[in-house]
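The values are calculated or read from the model by the stated rules, or taken from the named source; none is laboratory data. Nothing here was measured: the structure is a model prediction, and the numbers come from that model. Glycine also receives a Cβ, built like all others from the backbone with ideal geometry; neighbour counts cover every protein chain displayed.
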Amino acid sequence: MILKSEYDLVILGRGAAAFSAAIKASEITAGQASIAMIGFGPLGGTCVNVGCVPSKYLIEAAKVVHNQSHPRYPGIDSIKPAINSGKIMGSLRDAVKEERVNKYENVLKSYGNIDIYEGRARFLDKSTVIVDNNGDSEKLNGYNFIIATGSSTKIPHIEGLEDTGYLTSNTVWDLNNLPGKLAILGGGFIGLEIGQSLERLGTEVTVIKEHDTVAPGIEEEIGAKLMEILKSEGMEFRTGKKVMRVFSRNGKKIIETQSRRGKEEMEVDEILVSSGRIPNVAGLDLEKAGVEYSSKGIFTDETMKTTNPLIYAAGDVVDQRYKLETLAAGEGSIAASNIYAGTEKKVNLQLVPWAVFTEPQFASVGYTESGYNQTGRKSITRTVPLDLVPKARILREEHGIFKMVVDSETEKIVGIHVLSPNAAEFIIEGVYAIRYGLTFRDLIENSHIFPTVAEGIKLTAQSFTRDLSRMSCCME
Amino acid sequence: MVSKKVTMRVFGMTCDDCVRTVSDGLKDGGATEIFVSLKDGTASAVVDDSRMKPEDLSKIPVFGEKSHYKAQVRKVE
């Protein structure tokens, strides 16, 4: 294939945001925009290769094991299934490959206007990048650029960590033998998902955190409930502890922590670092392109335009609250539309739903109670325990919470937060409610299927005006 | 009145009919001295900047939301 050196659009990155931008730009321009996509590693970026796809595969496999060993209904014996971790992890890697081939490699073949470049890009000036690949360099010129280089695992500076070795959410998928004892440093949401899955597959999992809460930033009572549920399954949480040092002893990894109660040592087989993600801005020479950024990412306006009006950014590399595949893909599409369709589309983070695929799942959209109050407006809220939802009782999965945040004057819904089975499947109701300015009374007026867990949203809306314990099923 | 020459990248043209449609659209949008290249996917035209911002030439109806053609203003001189 003969590649050009002049492009209408040069995209730095090959993940969800990059693909979405390239495809949208191709659709708008009838495939006539010449596009270069530059990156390294497998196509598709974090989500398909080391993020959502493998983690959800592992979660579902672990759920099967858990349901067999913890049957929810009387009369069904508990069995402890034999686990071949090598086969599970091998099939997980096959599933990742299948998704990557189907949704990225094959998709790309149908766009003749997109050229793929292997390597790391850096700006030479406002309209040129250099692509470095194993000692070779190539210069590409572009009129517009979209920076979609994603994010990487943040590795904390801990004495001995590098020498002792550790896993991240990039490398844990390469395991064949699951560790007997695993310590998760940081315990972010990715760590909780992987931790619960491995715990269900037989690993002893301990989360070590400096914070006392399991998940800062989410509704406090929901975070506390999630930690309580994970603890009840056997995960250990050592909170309020700072990791001071890591070292090896007799083939084990030793973690030395410090807390108000003094120093402690913990011996494990493996360490998983899960302390957040950092935007991939290093080495891009953004200064040469007039693109401003900080350690939190690239500055953009709501149209995804950077401080250089011809350069946009999308996805995890952007300085923004969320790092989500769906948001990245949405932003890539917005950037391409604004470049080629003359639109002024904007991203609205208050309408972005997100989820943690622990069991139960946590899903959220919009403001938390404290977040809304910090805007200077006042909220009223209602919290409904999951055991008030009939379907949850039928499922025998009653541990969870529904919380709704509404504006105290307009009664419009501004946030919905759910910890329940399948919460990620129905949080979209909250997105529509917020987007279209619905009040909790609007939700009550619409029938919800009975019995469903999603009915909990309606029950929470009803709890603003009634005592749920004095209502029969399906009342409006 | 100050005449400005606008050079544009035009997407979506596949035939001579497209060239004619885009040329007519530019004329209807108030441009003169129109030249459209199917081969290069470009157009150049002159606009009176007291009547229209040269940058807005990519927003005239022939390049609008429902149109098959899209344009980017690349140079104003």
Check your understanding: Cβ-Cβ below 9 Å, separation at least six or inter-chain, first residue in region A:5-26 and assigned by TED's automatic domain parsing to the domain that holds A:ILE147 and within 19 Å of A:LYS103 (Cα to Cα), second surrounded by fewer than 24 Cβ atoms within 10 Å (Cβ to Cβ) and among the acidic types (Asp, Glu): which pairs?
Key -> A:GLY15/A:GLU325; A:ALA16/A:GLU325; A:ALA17/A:GLU325; A:ALA25/A:ASP8
**Study point:** Which listed residue is under 18 Å from A:VAL356 (Cβ atoms) and not acidic (Asp, Glu), from A:ILE194, A:ILE298
**Key:** A:ILE194
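Yes/no matrix, rows are residues, columns are (1) under 23 Å from the mean Cα position of the chain (by Cα); (2) within 14 Å of chain B (Cβ to nearest Cβ); (3) more than 18 Å from A:VAL131 (Cβ to Cβ); (4) in a helix (DSSP H, G or I):
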site: A:SER20; (1), (2), (3), (4): yes, no, yes, yes
site: A:ILE23; (1), (2), (3), (4): yes, no, yes, yes
site: A:ALA30; (1), (2), (3), (4): no, yes, yes, no
site: A:GLY41; (1), (2), (3), (4): yes, no, no, no
site: A:CYS47; (1), (2), (3), (4): yes, no, yes, yes
**Study point:** Tally, over region A:245-257, of residues that are of a type in the set (S, T, N, Q) and surrounded by 15 or more Cβ atoms within 10 Å (Cβ to Cβ)
**Key:** 1
Revision key, fill the gap. Residue hits (region A:392-429; under 22 Å from A:ARG441 (Cα atoms) and among the charged types (D, E, K, R)) are A:LYS403, A:ASP407, A:GLU409, A:GLU411, A:LYS412, A:GLU429
**Study point:** Top-ranked residue of region A:138-150 - restricted to ones that are more than 14 Å from chain B (Cβ to nearest Cβ) and of a type outside the set (Gly, Ala, Ser), ranked as surrounded by the most Cβ atoms within 10 Å (Cβ to Cβ)
**Key:** A:ILE147
Review point. Which one of these is touching a helix residue (DSSP H, G or I) at 6+ places or on another chain (Cβ under 6 Å) and not assigned by TED's automatic domain parsing to the domain that holds A:PRO54: A:ILE184, A:ILE208?
Key: A:ILE184
Practice item. At least 3 residues that are within 12 Å of another protein chain (Cβ to nearest Cβ) in each: list the strands (runs of 3 or more DSSP E) lying fully within chain B that qualify. Key: B:3-11, B:70-76
Practice item. Go through the residues of region A:7-22 one by one and say whether even a single one is of a type in the set (Gly, Ala, Ser) and over 19 Å from A:VAL318 (Cα atoms). Key: no
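To keep it simple, each residue is scored yes or no on (1) more than 14 Å from chain B (Cβ to nearest Cβ); (2) within 30 Å of B:LYS66 (Cα to Cα); (3) surrounded by fewer than 22 Cβ atoms within 10 Å (Cβ to Cβ).
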{"position": "A:THR303", "(1), (2), (3)": "yes, yes, yes"}
{"position": "A:THR306", "(1), (2), (3)": "yes, yes, no"}
{"position": "A:VAL318", "(1), (2), (3)": "yes, no, no"}
{"position": "A:GLY342", "(1), (2), (3)": "no, yes, yes"}
{"position": "A:LYS346", "(1), (2), (3)": "yes, yes, yes"}
{"position": "A:PHE357", "(1), (2), (3)": "yes, no, no"}
{"position": "A:THR383", "(1), (2), (3)": "yes, no, yes"}
{"position": "A:ASP387", "(1), (2), (3)": "yes, no, yes"}
Check your understanding: What do you reckon, is A:SER379 of a type in the set (Gly, Ala, Ser) and within 24 Å of A:GLY195 (Cα to Cα)?
Key -> no
Check your understanding: Does A:GLY119 satisfy the condition of being within 29 Å of the chain's Cα centre (by Cα) and either assigned by TED's automatic domain parsing to the domain that holds A:GLU27 or exposed (fewer than 14 other Cβ atoms within 10 Å of the Cβ) (or both)?
Key -> yes
Practice item. Go over the candidates A:GLY195, A:GLY187, A:GLY202 one by one and state the one that is under 19 Å from A:SER232 (Cα atoms) and in a helix (DSSP H, G or I). Key: A:GLY195
Check your understanding: Among (1) buried (at least 22 other Cβ atoms within 10 Å of the Cβ); (2) more than 10 Å from A:ASN113 (Cα to Cα), where does A:ALA22 come up short?
Key -> (2)
**Study point:** Looking only at region A:62-76, and only at residues there that are among the aliphatic types (A, V, I, L, M) and within 17 Å of A:VAL205 (Cα to Cα), the one that is nearest to the chain's Cα centre (by Cα)
**Key:** A:ALA62
Study note, to complete from the structure: Checking A:GLY202, A:GLY191 in turn, the sole residue that is buried (at least 22 other Cβ atoms within 10 Å of the Cβ), farther than 30 Å from A:ASN308 by Cα and of a type outside the set (Lys, Arg) turns out to be A:GLY191
Review point. From the set of residues in region A:359-379 that are touching a Pro at 6+ places or on another chain (Cβ under 8 Å) and outside any loop (DSSP other than H, G, I, E, B), which is farthest from the other protein chains (Cβ to nearest Cβ)?
Key: A:GLN361
Exercise for review: Look through region A:122-137, keep the residues that are in contact (Cβ under 8 Å) with a residue 60 or more places away in the chain and among the aliphatic types (A, V, I, L, M), and return whichever of them is surrounded by the most Cβ atoms within 10 Å (Cβ to Cβ).
Suggested key: A:VAL129
